[in-house]
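The values are calculated or read from the model by the stated rules, or taken from the named source; none is laboratory data. Keep in mind that this is a model prediction, so the values were computed, not measured. Methodologically, a virtual Cβ is constructed for each residue, glycine included, from the backbone with ideal geometry; neighbour enumeration extends over all protein chains shown.
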Amino acid sequence: MADVLLKEVRKSFGSLEVIQGINLEIEAGEFCVFVGPSGCGKSTLLRMIAGLEEVSSGKIEIAGKDVTYEEPSKRGIAMVFQSYALYPHLTVGENIGFGLSLARTPKAEIKARVEEVAKVLQLEALLERKPKALSGGQRQRVAIGRAIIRDPHVFLFDEPLSNLDAALRAQMRIELTDLHEKLGNTMIYVTHDQVEAMTMADRIVVLNGGRIEQVGTPMDLYDHPATPFVAGFIGSPK
Ligand code: ADP
Ligand code: MG
């Protein structure tokens, strides 16, 4: 059974149809990357899976449940964005634990969970710091920590590394792949960066103009691109 199932999903903004009938099955535990040029609909598709954008038509299932019209907090997902909006007046630990304190989780339990998450992300030494005293990579790790602590069924990432410099991006690619191995969750990762897609994905979904061009492993796409678009997009590093 697919862990995330998209059935004939469409989205229009006014008269512009930006997602044009997407059918896709993502397996449990899969690291699935949506890749494609800017404006092809990656964020819109991810936001519909998250419930931040309503579908115009079609169906979305997560873990076997129809969530097409379910609110975001009830979908079992957590999303990490490109701009890591941390609370500047809270410490790293408070930022990571924020979602749990909203849910009125007991303080001792929050503390234990924050420490657990900080360990996974190597943030143990930084828990008392404020965001402004962190590097870009550390801030992005805190943002990821805020998602992990909610123990989501599915992680959604929207270009989480695009604000980082090249060296840090390379390091974070490895860290995120390790994290996926540790947690074993289903991850859907959006990027316009072919290198990220090719190095991180179990399976890549190539999007172009609101449609799927091809779905396959990095090797499939590299060896057997289905269309000239895929060949050009995957074959030519930026
Ligand atoms: P990507 O993330 O691949 O760069 P997006 O999903 O952000 O692409 O956008 C896909 C298309 O939908 C673009 O043409 C964009 O201008 C349009 N779009 C996205 N959000 C909105 C919106 N809220 N209102 C109108 N058009 C939108
Ligand atoms: Mg986008």
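Odds and ends about this structure:
- Here residue 90 meets each of (1) within 18 Å of residue 147 (Cα to Cα); (2) outside any loop (DSSP other than H, G, I, E, B); (3) at pLDDT 95 or above with one exception, condition (2).
- Scan of region 110-168 for residues that are more than 16 Å from ligand 2 (Cβ to nearest atom), under 14 Å from the mean Cα position of the chain (by Cα) and either at pLDDT 95 or above or of a type in the set (Phe, Trp, Tyr) (or both), ordered by number: 154, 155
- Where a residue in region 6-24 is basic (Lys, Arg) and at pLDDT 95 or above and its partner, wherever it lies, is loosely packed, with under 15 Cβ neighbours inside 10 Å and assigned to a loop (DSSP other than H, G, I, E, B), with Cβ under 9 Å and at least six apart: 10/56; 11/54; 11/56
- Criterion violated by residue 55 - all others in (1) farther than 30 Å from residue 177 by Cβ; (2) within 16 Å of ligand 2 (Cβ to nearest atom); (3) among the hydrophobic types (A, V, I, L, M, F, W, C) satisfied: (2)
- In region 166-208, residue nearest to residue 3 (Cα to Cα) [restricted to those that are among the small types (Gly, Ala, Ser) and more than 16 Å from ligand 1 (Cβ to nearest atom)]: 184
- Selection count where residues are small (Gly, Ala, Ser) and either in contact (Cβ under 8 Å) with a residue 40 or more places away in the chain or surrounded by 15 or more Cβ atoms within 10 Å (Cβ to Cβ) (or both), scope region 85-115: 4
- Residues of region 1-15 that are closer than 16 Å to residue 78 by Cα and in a strand (DSSP E or B): 4 alone.
- Wholly enclosed strands (runs of 3 or more DSSP E) of region 133-238 bearing at least 3 residues closer than 24 Å to residue 95 by Cβ: 154-158, 186-191
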